[in-house]
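Worksheet: one structure, shown below.
Every read-out reported here was derived from the displayed coordinates using simple, explicitly stated rules and does not represent laboratory data. Just so you know, these numbers come straight off a predicted model, no measurement behind them. Glycine gets a Cβ as well: all are built from the backbone with ideal geometry, and neighbour counts include every protein chain shown.
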Amino acid sequence: MNAQILNGSVAIVAGGARGIGRASALRLAELGARVAVLDVNLNAAAEYDEELTAASVAEELRDRAGDGIAVQADLTVPYEAQRAIQTVADRWGRLDALVIPVGGAITPYPRSAASATTDDDFSVLVDVNMRSVVNCCRATVPHMRDGGGGTIVTVASGAALAVDSGGFLAAYAMTKAAVLQYTRYLAAEVGHWGIRVNCIAPGVIRTARVVAQSAVSGIVNDDAAKSIPLGRQGEPSDIADAVQYFVSPLSAYITGQVLAVDGGSTMH
């Protein structure tokens with residue numbers, strides 16, 4: 001594939017300051033896109049000692065594509081998402097791609113079982129995993145519609161496709177399952193405007209945050225890797241590969257689909 005296949009396009013990565021989001025943003029920049037990272041904390045990589053290749057994520061983007069910005073925004077708040085996305089549209093005059101890996105299993109693991117999830121934890125997960133996706137899509141679709149099309153990539157989770165044997169991460173899985181279904185409904189709505197909408201469902205991905213939190217959850221370990229058909233747990237670059245596919249012309253006739261990127265963990 002042409003290394004500059006996205007040259008001239010504009011992409012937004014919501015939740016792109018670290019982990020899967022940062023890996024996806026850098027990949028799109030490497031493909032020639034002008035990329036805007038949106039995040040509530042633009043220095044989020046430092047929280048788990050994720051190493052950058054420049055002083056900031058925005059500078060990393062500029063090093064790869066010659067242009068790139070980072071916009072601080074709480075995407076769980078509708079007007080904040082609207083403001084951030086309008087900022088990008090005003091800067092570059094178009095929106096071609098929206099990738100939304102924002103959110104995660106960010107509440108305490110020990111109380112994440114189905115019968116133990118607190119009201120506060122549930123509200124937090126609904127906000128970061130569901131509302132942020134809806135807010136970003138509502139703010140982006142009018143720009144893509146007026147521009148003749150685009151592509152949206154949401155990020156759910158393998159937890160939305162399979163059940164943890166101990167019943168943990170229940171509310172997280174529920175909110176990510178909602179993202180999966182929202183993706184399908186949005187795809188059905190906006191396809192005639194030339195907008196494609198697809199979803200990636202990652203398995204366990206070894207981001208700096210997941211590795212650090214594994215001291216409590218135990219999710220990242222050699223035994224778990226051995227149980228995966230491909231024999232390893234995922235890396236952020238594995239998700240960036242899938243993002244590249246869905247944003248590129250290779251998926252021009254694909255919409256409303258969910259791609260599990262998990263080494264075969266959920267094939268059963």
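Structure values in brief
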| read-out | value |
| --- | --- |
| Relative exposure of Asp63, Asp238, judged by other C-beta atoms within 10 Å (fewest first) | Asp63, Asp238 |
| Whole-Hz couplings from phi, Karplus 6.51/-1.76/1.60, listed for the stretch 92-107; x for Gly and Pro | 10, x, 6, 9, 9, 9, 10, 10, 10, x, 4, x, x, 8, 9, 8 |
| Shape of the stretch 45-200, Cα gyration tensor, a/c cut at 1.5 | oblate |
| Gain in span if fully extended, Ala252 to Ser165, counting 0.36 nm per residue against the direct Cα distance | 27.6 nm |
| Three-way shape label, the stretch 155-224, alpha-carbon gyration tensor, a/c 1.5 | prolate |
| Cβ-defined net charge surrounding Ala242, 13 Å radius [Lys, Arg +1; Asp, Glu -1] | -3 |
| Rounded to the nearest 20 debye, dipole of the stretch 10-261 from Cβ charges on Lys, Arg, Asp, Glu | 620 debye |
| Arg111 versus Tyr185: modelled label distance in nm, points set 7 Å from Cα along the beta carbon direction | 3.0 nm |
| Under Karplus coefficients 6.51, -1.76 and 1.60, residue-wise ³J(HN,Hα) of the stretch 135-143 in Hz, glycine/proline x | 4, 5, 5, 4, 6, 8, 3, x, 5 |
| For the stretch 38-82: relative contact order, % (alpha-carbon pairs under 8 angstrom, 6 or more apart) | 43 percent |
| Among Ser251, Ser24, Ser165, residue whose mean-square fluctuation peaks in a GNM of the chain (springs only between Cα atoms under 10 Å) | Ser165 |
| Positive dipole terminus of the stretch 149-263, leading residue within Leu180, Leu230, Phe168 (C-beta point charges) | Leu180 |
| Using a Förster distance of 30 Å, the FRET efficiency for Ile228-Tyr48 (Cβ separation, nearest 0.05) | 0.85 |
| Stretch gain in nm, segment Arg91-Asp241, where the contour uses 0.36 nm per residue and the Cα spacing is subtracted | 51.3 nm |
| Rel. contact order, % - alpha carbon contacts under 8 angstrom, at least six apart, the chain | 19 percent |
| The stretch 111-238 shape via C-alpha gyration tensor axes, a/c threshold 1.5 | prolate |
| Charge dipole (debye, nearest 20) of the stretch 147-224; +1 at Cβ of Lys and Arg, -1 at Cβ of Asp and Glu | 220 debye |
| GluC sites (Glu not before Pro) restricted to the stretch 1-72 and DSSP loop, no more than 14 other C-beta within 10 Å | Glu51 |
| Interchain or long-range residues, amide H under 5 Å from Arg206's placed H | Gly234, Glu235 |
